[in-house]
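See structure below.
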Amino acid sequence: MELIKNLPEMDEGDDARRMDAYKRVAASRAKGRPTGMDFIENLIIDFMEFHGDRRYGDDPALVAGVGKLKNMPVTVIAMEKGHSTKEKVKRNFGSMHPEGYRKALRQMKLAEKFGRPVICIVDTSGAYCGIQAEERGQGQAIAENLMEMMTLRTPIITLFIGEGGSGGALGMAVADQVWMLENSFYSVISPEGCASILWKDASKMKEAAESLRLTARDLKELGVAEKVIREPEMEKDFKKVYYLLEDLLYDAFQKSKKLPVEELLEQRYEKFRKIGRQQADGR
Amino acid sequence: MLKKGLFRKPKNQLEDYGKTSVREMREQHPEVPDDMFLSCPACKGTMLAEDVNQNCGVCPKCGHHFKIKVRERMEILLDPDSFAELDAEMTSRNLIEFPGYDKKLQSARNVSGEKEGVVCGTAAIGGFPCAVFFMNGDFMMGSMGTVVGEKIARIFEYAAERQLPVIGWTVSGGARMQEGILSLMQMAKTSGAVKRHSDRGLLYVTVLTDPTTGGVTASFAMEGDVILAEPGALIGFAGPRVIEQTIRQKLPEGFQRAEFLLEKGFVDAIVKRQDQREYLRSLLALHSKEVLV
């Protein structure tokens, strides 16, 4: 949390809390930042982890299961990067294979069956790029999640806690609401990747980060995220974030549970349908 | 000691071989029209362009599928005069003020002669009415921005309302990074529209052509009820170069080609371009409501 601690603007008013996009990216990747399982531990009571996609295997980059949010049974699906080097390697640094997306979908279907709301926690540099990932249909696995999540008949909230790498993040982010921690980001491509493709110079990642509009605040302005959650200065103060989230999630699910499912799905569809629509009508 | 003249410029054309551009060589032989002959990148054979064109842009010797222009593909596949274009005038703007994007859009319009990266409309194939979309590889590598996403979503909504099947030809480098997160959201938007169309019991067929990658593979390209591919087409989520850089090893021969996906179970069938029309006609006939009664 070194980086976050050193930000001078952090304690001032909202506008003053703006900072360089790339600093946010660095903060989202900073060592010691809470990972998916930290959120599960602090938000969920009696969490039970369920493994496997029933198709190929169990992806350690994804932790899924059930537990209680206060007194409400919920399904939680979290990408996990790990803290120690050993753990990181085991978790493949939070980059999922297709079986991870299929495990997520399996748990979502169970949530739908038993009427549990779904919390998705996203923290990944992207879906894994590798031979096996392609062989087992990375693209197809993500595509299926996008389709199925759009009509999943139970509330879904996706929380971005760190990196939100492109399609790999979106594969768990077709939700009723997208909430982002202040130092998380969400982008179509990493700033480094963008700089090296467009300007053949990976060191231009700072310009790329600014141009891509990838910070939590940008995403709220662009209508992609509904909430930006303020982060505390010190890592030990992260408890405050957990308490806040517990209340916010609980209230949001209570509210959406009162909505008829058809209306919930209509709103979810519209959330994504409207992005880019205005422009089309203005022809 | 270096000899004088070791680095001299070549004096005659033979020494200079390989440095003269094809265009210059053609200019030296004005009696051969520029586009009369084609060289096949797969079998290296030289053939009359006319023969390739009459064979749907497929090499008559080895069957290699040349990349073809979007309107040429439409002519090959759709019943004559059956196509009615929808949302033809929709054009992209630089929504997040990404540096250099306006210029890129302008040059893409000039190069491709099209307004955006996909052509949508209604048509008939073998007499069966359907909604169609054809992605355009000449327009910023067929990348998906908000307009491509919007046009795809609209064609599915249009087809759902009118109970039409959708047939789409994909070619894409993925989401268009110059539109940032807004392009990524088109993956969700199009997938939602596909799902609604599907939930009405309507048929959706994709034909994956070379190359189909990234965000398009991870959304509507892989969401067809029936997924077809052209022979040899590169199909994947991550591009081969990105994978090689990530895993630091060479990829096996044929990796991510249509035949590989067929073997792995992600494509229903590989259909040559010359056969696609007849294949789709049969497929449409089989799914048509009249036949079922």
For this session: Within segment B:140-161, count every residue that is buried (at least 24 other Cβ atoms within 10 Å of the Cβ) and free of Cβ contacts under 8 Å to residues at least 40 places away in the same chain.
Result: 2
Problem set entry | Verdict on B:Val267 being in contact (Cβ under 8 Å) with a residue 40 or more places away in the chain, in a loop (DSSP other than H, G, I, E, B) and of a type in the set (Val, Ile, Thr) | yes
Problem set entry | Verdict on A:Gly57 being free of Cβ contacts under 8 Å to residues at least 60 places away in the same chain, touching a helix residue (DSSP H, G or I) at 6+ places or on another chain (Cβ under 6 Å), surrounded by 16 or more Cβ atoms within 10 Å (Cβ to Cβ) and over 22 Å from A:Tyr242 (Cβ atoms) | yes
Exercise. Listed residues A:Val74, A:Val89, A:Val63, A:Val122; which is away from chain B (no Cβ under 13 Å) and within 14 Å of the chain's Cα centre (by Cα)?
Worked result: A:Val63
Exercise. In segment A:26-54, which residue that is at pLDDT below 95 and crowded, with 23+ Cβ neighbours inside 10 Å is nearest to the chain's Cα centre (by Cα)?
Worked result: A:Ser28
For this session: Mind telling me which of the residues B:Lys115, B:Lys61 ends up being part of a loop (DSSP other than H, G, I, E, B) and away from chain A (no Cβ under 14 Å)?
Result: B:Lys61
Problem set entry | Among the residues listed as B:Leu261, B:Leu283, the single one being in the same structural domain as B:His197 (by TED's automatic domain parsing), over 30 Å from B:Gly145 (Cβ atoms) and either assigned to a helix (DSSP H, G or I) or in contact with a strand residue (DSSP E or B) (Cβ under 6 Å, 6 or more places away or on another chain) (or both) | B:Leu283
Seminar exercise, completed: Taking first residues from segment B:170-188 that are assigned by TED's automatic domain parsing to the domain that holds B:Pro99 and among the charged types (D, E, K, R) and second residues anywhere that are assigned to a helix (DSSP H, G or I) and surrounded by fewer than 24 Cβ atoms within 10 Å (Cβ to Cβ), the pairs with Cβ under 8 Å that are 6 or more apart or on different chains are B:Glu179/B:Tyr101
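So which of B:Leu38, B:Leu78, B:Leu48 is at pLDDT 90 or above and either within 23 Å of B:Gly142 (Cβ to Cβ) or of a type in the set (Asp, Glu) (or both)?
Sole residue among the options that is at pLDDT 90 or above and either within 23 Å of B:Gly142 (Cβ to Cβ) or of a type in the set (Asp, Glu) (or both): B:Leu78.
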Exercise. Hey, A:Ala202 hits all of (1) small (Gly, Ala, Ser); (2) crowded, with 23+ Cβ neighbours inside 10 Å; (3) under 21 Å from A:Ala27 (Cα atoms) but one; which does it fall short on?
Worked result: (2)
Exercise. Just for segment A:123-175: of the residues that are of a type in the set (D, E, K, R) and surrounded by fewer than 24 Cβ atoms within 10 Å (Cβ to Cβ), which one is farthest from B:Glu223 (Cα to Cα)?
Worked result: A:Arg153
For this session: Answer with yes or no whether A:Glu207 is within 19 Å of B:Ile96 (Cβ to Cβ) and either buried (at least 18 other Cβ atoms within 10 Å of the Cβ) or away from every other protein chain (no Cβ under 11 Å) (or both).
Result: yes
Seminar exercise, completed: Given the conditions (1) within 26 Å of A:Glu148 (Cα to Cα); (2) surrounded by fewer than 19 Cβ atoms within 10 Å (Cβ to Cβ); (3) basic (Lys, Arg), every one holds for A:Lys88 apart from (1)
Exercise. So which residues in segment B:198-211 are at the interface with chain A (Cβ under 9 Å from one of its Cβ atoms) and buried (at least 19 other Cβ atoms within 10 Å of the Cβ)?
Worked result: B:Ser198
For this session: Working carefully through the options B:Glu259, B:Glu244, find the one that is among the acidic types (Asp, Glu), surrounded by fewer than 20 Cβ atoms within 10 Å (Cβ to Cβ) and out of contact with any Pro (no Cβ under 9 Å at 6 or more places or on another chain).
Result: B:Glu244
For this session: Can you confirm whether segment B:85-105 contains a residue that is in contact (Cβ under 8 Å) with a residue 60 or more places away in the chain, away from every other protein chain (no Cβ under 14 Å) and more than 30 Å from A:Glu210 (Cα to Cα)?
Result: no
Exercise. Of all residues in segment B:37-62, how many are among the β-branched types (Val, Ile, Thr) and in contact (Cβ under 8 Å) with a residue 60 or more places away in the chain?
Worked result: 1
For this session: Taking B:Leu228 as the residue in question, decide whether it is modelled with pLDDT of 95 or more, assigned by TED's automatic domain parsing to the domain that holds B:Thr170 and assigned to a helix (DSSP H, G or I).
Result: no
Seminar exercise, completed: Only unsatisfied item for B:Phe133, checking (1) within 14 Å of chain A (Cβ to nearest Cβ); (2) assigned to a strand (DSSP E or B), is (1)
For this session: Go through B:Lys151, B:Lys195, B:Lys189 for me and flag whichever is touching an Asp or Glu at 6+ places or on another chain (Cβ under 7 Å) and either farther than 23 Å from A:Ala225 by Cα or at the interface with another protein chain (Cβ under 9 Å from one of its Cβ atoms) (or both).
Result: B:Lys151
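When segment A:104-120 is examined, which residues are found to be touching a residue at least 12 places away in the same chain (Cβ under 8 Å) and part of a helix (DSSP H, G or I)? Outline the logic, then answer.
So the first thing to find is which residues in segment A:104-120 are touching a residue at least 12 places away in the same chain (Cβ under 8 Å), and the list is A:104-112, A:114-120.
A:Ala104, A:Leu105, A:Arg106, A:Gln107, A:Met108, A:Lys109, A:Leu110, A:Ala111, A:Glu112, A:Phe114 - these are the residues of segment A:104-120 that are touching a residue at least 12 places away in the same chain (Cβ under 8 Å) and part of a helix (DSSP H, G or I).
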Exercise. Before we move on, is B:Gly201 touching a helix residue (DSSP H, G or I) at 6+ places or on another chain (Cβ under 9 Å) and either outside any strand (DSSP E or B) or at pLDDT 95 or above (or both)?
Worked result: no
Exercise. Hey, any hits in segment A:14-24 for a residue that's modelled with pLDDT of 95 or more and over 20 Å from the mean Cα position of the chain (by Cα)?
Worked result: no
Exercise. Here are some residues: A:Tyr243, A:Tyr269, A:Tyr250. Which one is assigned to a helix (DSSP H, G or I), within 13 Å of chain B (Cβ to nearest Cβ) and hydroxyl-bearing (Ser, Thr, Tyr)?
Worked result: A:Tyr269
Problem set entry | segment B:234-291 - residue that is within 19 Å of the chain's Cα centre (by Cα) and acidic (Asp, Glu) and, of those, farthest from the other protein chains (Cβ to nearest Cβ) | B:Asp275
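The values are calculated or read from the model by the stated rules, or taken from the named source; none is laboratory data. Everything quoted here is computed from the prediction, not taken from an experiment. Here Cβ is always computed from backbone atoms with ideal geometry, including for glycine, and neighbour counts include all displayed protein chains.
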